[in-house]
Every structure is written in C-alpha cells, then in structure tokens.
Amino acid sequence: MNNLLARKPVADIVASAEIPGRRVPKVLGPVSIAAMGVGAIIGAGIFVLTGTVAALNAGPAIVLSFVLAAIACAFVGLCYAELSAFLPVTGSTYTYTYATLGELAAWVIGWDLILEYAIGGAAVAVGWSGYFNSLLGMLGVALPPQWVAATGQAVVLADGSKATAIANLPAAVIVGLITVLLIGGTKESARLNNIMVAIKLTVVVAFVGLGAFYVNAANWRPFIPANTGDFGSFGFSGILRGASIVFFAYIGFDAVSNCAQEARRPQRDMPIGILGSLGLSTVLYVLVAGVLTGLVPYAELNVPDPVAKGVRVMGHEWFSLFIELGALIGLTTVILVLLYGQSRIFATMASDGLLPPVVGRLHPRLRTPWISQIVIGIVVAGVAAVVPLDILDEMVGVGTLFAFILVCVAVIYLRTIEPHTHRPFRVPHVPWVPLLGILSCLGLMAGMTPATWLRLAVWLVIGLAVYFGYSRFHSRLLNRLSS
C-alpha cells in the first residue's frame, strides 16, 4: 500500500523536464498559449452541442447551463493556474496527482484523461464531419450517407430508401491530417492554430452581431420549458443535465496546462493563458447560445450544424457559407489541441515507466513525441468513425469532471505539505475556492445518466488491470524505492 501511495517529489518532477533526451523547445508565449485555450474551448460547444442541449435538455435556458459550467470551470481554472506555474512541466492532471496523491491515483487519472482528450477529440471530429458534409451539400456535392455517420446508424439514401451506416469517414480523415501536422512540430502547429483561432473568433463575433438583428423574442418563451417527466429533460434538472454536457465545451482551458514545459515563461504565461481563454470563451458561449435560440425554436436545433441552421433563418446564403467554413476551422483547432494534450500526457507517463518507453520517444529532428502521436491518431480516428456523438459527449464530460476534482484536491494537499514553497500564482482563499470547485464538479456529475457512470466504472476497471499487470512492475519510482 505504501508503494501505491508513493509520491513523486516536486523537485524530481521539475528536474525531469531538463533531462537530456526529454528536453523540448520553449517556443510558446502567452498569446500562443491563450490561443491554444481558445482554440480548444470555442468549437464543439458553440458549433455542435449548443443545438443538441437546447433541443433535448434545457431549451433557451441553455445560457444558464453555460453559466453553471463556467462557474465550476472558474474555480478549477484557478487551481490549474497555480499548479501549472508551480510545476511547469507537461502531463497536466496526471503530473499534479503524482506529486500529491501518489502513483496509483496518478495512473487512474492518467487513464481517465484518455476520456477527456482522446475521446474528446473523437467527439469533435464527429461534429466536424457534420459541418463538412453540410458545406459539401451547399456546394452541390453529396457524400454517400453510409460514409458520414457512425457504424450501425440508420441513414436515408438519395432515393429515399433506408440503409445502415458503415463508418464516419470524414471524421477519421481529419484526425489523420491533424496527427501529421502535430508530428511536424509544436511551433508550426501553434502558428497555424493562432491563424485558425483568429478566423474562428471573427466568425463567432459576426454571427452574434448579425444574428442579433433577426432574433425573435417569442422563441425564448418559455425560457425554461416544463419538465417532460424525465430527469434532465427541461425544467431545472434539464439545466443541470445541460451544464454537465456543455461542460465538455470548456475542456480546452485545462488542455493548456500541457503547454507548460514548452512555455517560454510558464510562471507568468500559464495563468494568463488558462484564465484568459476561459473568460473570453464563456462570454462568447452565452452570447451565441442566446442568439441561436432566439433565431430558431429550440425544438428544431437537434441537428449536426445548429449554427448554420440559425444562419439560414436569416436568409443570407453567403453568410451561411462563411459560418460553415468558420465552424470547420473552429472544430479543427479543438481536435488539434486535444490530440496535442493526449500525446504529451502519454509521453510523460512513459517517462515514468507506466507505459512502454517507446510511447515517450521524441523524434530526433522534430523533437515531438511522434510515436505517441501516431498511436493516438489511429485510435481516435477509429473511435470517431464508429461511435455516435451522444455517447462520446457524456463519456468526455464524466472523465473531465473526475480529473478536475483531483486537481482541486492537489492544490489543497500541496498547500498543506509544502505551505512555504514559493508559488508564482496562488489560488485565493484556500481551501474554500478548491472546495467550491470540487462541489461544483460533483453537482455537474449528478446530472450524468446511470449508463455514463457504468461506462466510467468499466473504463477504470480496465485501467486498473493494465496498471497491476504492467505499470507497477516498470514504474521508475517504485523500482527506485525498492532498490
């Protein structure tokens, strides 16, 4: 039991980033880091989930769902800002947990983060496919319906007959292309991400500005539709369920913490990147959700491209094309940051011996974890091709919330055992702010379905089997303690 609770010393974690062979170039400044956050946050929440949650869960009150999720993220974001400045290394929640709760908890959270990053990337790729197919339709091109939906889903062919989908091919292809880009180098990926984020923000602001003139206030009534009799379907329970789902839309701010080792001045740049991207994204989410539900009756928004549907209501075909392109670019940046984060976590776990060493190997010229990136790309492309969006969304949400709780616990624990250590950024009012973060996450998790909890339990059982079958025998920390 002592071995399972063995902590990796903070000094060792920081020093490990400077070991020859693991050192990565420090090429990211505060603007690029904040753009990474905005690139990951503003995407699926606006362009995909807004319509689904409004139609099925919260109605026009989806704006309250976004606010609830943002409050939880604010508490957690402060904790991430302190830890990423205190431990300016890659690995995110996995690294923070290793320094506080020990190896077994670190493994569990590292395994859990696959749900957030890899499965999150797959979910966004499915949304990307929906917008891509819609854009092709506007241009008079139609892909076979069997190749643009999850395996086994019912689709309608051009002649009106029904068939069964084979795989979502566009979703798999975009994951493959981004994987190649990420292997090519962090600096190059960040530069392209900055350009795409600027375009995406222009599209979002244009939608809010133009759409405000076409809003029909009658579509906001009732603001909170009556409960249908099922928990999570309208009423206040629908707002809570909606918050637990759209929480997925905020996961980009914690993906930023994986940039710490490649930040030029992490003690200053990481808090700016995390909190700045979270604040900007929250404001835009609320504005877009309000305008969209004012343009289109909420019951009609359960479509793959809800924002494009809102634009069509305005009657501006040229702007509809503009939105479709902006949505594709926006979703592309989300996939890029999530795949980037997953590869860095895997590389860190491999350097600790918990995954095979080959996973953490850096490319001799490009200095990126290329093998890890390839493996992740293959797995994510496969999941995106065959699994429906609704299942992916809730799996990402519960995995993310679980990770966030441990981040808040890590802040409290480190403040207790190392109270006098210098911290470039400090969460105010510890332990109360981290405790509010924990309670907020637990409240959102209460809105999850029993099936989602069951999937999480099965996933964690598989992870424990891997740990006790492989990782604990190869752990560098445990081997050092036993020698």
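The values are calculated or read from the model by the stated rules, or taken from the named source; none is laboratory data. What you see is a predicted model, and the numbers here were worked out from it, not measured in a lab. Virtual Cβ from ideal backbone geometry, glycine too; neighbours counted across all protein chains shown.
Based on what the data block shows, is Val466 at pLDDT 85 or above, out of contact with any His (no Cβ under 9 Å at 6 or more places or on another chain) and hydrophobic (A, V, I, L, M, F, W, C)? In short, yes. The one condition from (1) within 23 Å of Leu284 (Cβ to Cβ); (2) among the hydrophobic types (A, V, I, L, M, F, W, C); (3) modelled with pLDDT of 90 or more that Val203 does not meet is (3).
When restricted to residues that are in a loop (DSSP other than H, G, I, E, B), surrounded by 15 or more Cβ atoms within 10 Å (Cβ to Cβ) and either among the charged types (D, E, K, R) or more than 26 Å from the chain's Cα centre (by Cα) (or both), the range 297-315 contains 2. Return yes when Cys408 is touching a Gly at 6+ places or on another chain (Cβ under 6 Å), on the phi < 0 side of the Ramachandran plot and at pLDDT 85 or above and no when it is not. Yes: the conditions hold for Cys408. Is there a residue in the range 252-269 that is modelled with pLDDT of 85 or more and not hydroxyl-bearing (Ser, Thr, Tyr)? Checked the range 252-269: no residue is modelled with pLDDT of 85 or more and not hydroxyl-bearing (Ser, Thr, Tyr).
Taking Ser343, is it assigned to a helix (DSSP H, G or I), over 15 Å from Ile119 (Cα atoms) and of a type in the set (Gly, Ala, Ser)? So Ser343 fails the test. One residue stands out among those in the range 428-483 that are part of a loop (DSSP other than H, G, I, E, B) and touching a helix residue (DSSP H, G or I) at 6+ places or on another chain (Cβ under 8 Å): the one that is surrounded by the fewest Cβ atoms within 10 Å (Cβ to Cβ), which is Pro428. When Met196 is tested against (1) surrounded by 23 or more Cβ atoms within 10 Å (Cβ to Cβ); (2) modelled with pLDDT under 80; (3) among the aliphatic types (A, V, I, L, M), just one condition goes unmet, and that condition is (1). Checked against (1) in contact with a Leu (Cβ under 9 Å, 6 or more places away or on another chain); (2) modelled with pLDDT under 90, Ile174 passes all but a single condition, namely (2).
Would you check if there is a residue in the range 423-430 being within 22 Å of Val407 (Cβ to Cβ), charged (D, E, K, R), in contact (Cβ under 8 Å) with a residue 24 or more places away in the chain and out of contact with any strand residue (DSSP E or B) (no Cβ under 6 Å at 6 or more places or on another chain)? Within the range 423-430, one or more residues are within 22 Å of Val407 (Cβ to Cβ), charged (D, E, K, R), in contact (Cβ under 8 Å) with a residue 24 or more places away in the chain and out of contact with any strand residue (DSSP E or B) (no Cβ under 6 Å at 6 or more places or on another chain). Across the range 284-295, not a single residue is classified as surrounded by fewer than 20 Cβ atoms within 10 Å (Cβ to Cβ), under 23 Å from Gly120 (Cα atoms) and without any contact (Cβ under 8 Å) to a residue 24 or more places away in the chain.
Flag set for Glu116, criterion: closer than 20 Å to Leu392 by Cα and in contact (Cβ under 8 Å) with a residue 24 or more places away in the chain. Total residues in the range 25-77 satisfying the condition of being outside any helix (DSSP H, G or I) and either modelled with pLDDT of 90 or more or of a type in the set (D, E, K, R) (or both): the figure is 1.
Yes or no, residue by residue, for (1) on the phi < 0 side of the Ramachandran plot; (2) among the β-branched types (Val, Ile, Thr):
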{"site": "Leu115", "(1), (2)": "yes, no"}
{"site": "Ile119", "(1), (2)": "yes, yes"}
{"site": "Val126", "(1), (2)": "yes, yes"}
{"site": "Phe132", "(1), (2)": "yes, no"}
{"site": "Gly140", "(1), (2)": "no, no"}
{"site": "Ala154", "(1), (2)": "yes, no"}
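Quick check on the range 155-163. Is at least one of its residues outside any loop (DSSP other than H, G, I, E, B) and out of contact with any Pro (no Cβ under 9 Å at 6 or more places or on another chain)? Yes; the residues of the range 155-163 include at least one that is outside any loop (DSSP other than H, G, I, E, B) and out of contact with any Pro (no Cβ under 9 Å at 6 or more places or on another chain). Evaluated against (1) within 19 Å of the chain's Cα centre (by Cα); (2) closer than 30 Å to Lys8 by Cα; (3) of a type in the set (A, V, I, L, M, F, W, C); (4) crowded, with 24+ Cβ neighbours inside 10 Å, Ala69 falls short on exactly one condition, (2).
Any residue in the range 299-328 that is among the aromatic types (Phe, Trp, Tyr) sitting within a Cβ distance under 8 Å of a residue that is in a helix (DSSP H, G or I)? List the pairs, counting only those 6 or more apart or interchain. Every condition considered, the pairs that remain are Phe319/Ala206; Phe319/Leu210; Phe319/Val311; Phe322/Val203; Phe322/Ala206. Residues in the range 350-372 that are in a helix (DSSP H, G or I) and either within 16 Å of the chain's Cα centre (by Cα) or surrounded by fewer than 24 Cβ atoms within 10 Å (Cβ to Cβ) (or both): how many? Count: 8. Say whether the condition of being acidic (Asp, Glu), surrounded by fewer than 20 Cβ atoms within 10 Å (Cβ to Cβ) and outside any loop (DSSP other than H, G, I, E, B) is met by at least one residue in the range 323-330. Checking the range 323-330: not a single residue is acidic (Asp, Glu), surrounded by fewer than 20 Cβ atoms within 10 Å (Cβ to Cβ) and outside any loop (DSSP other than H, G, I, E, B).
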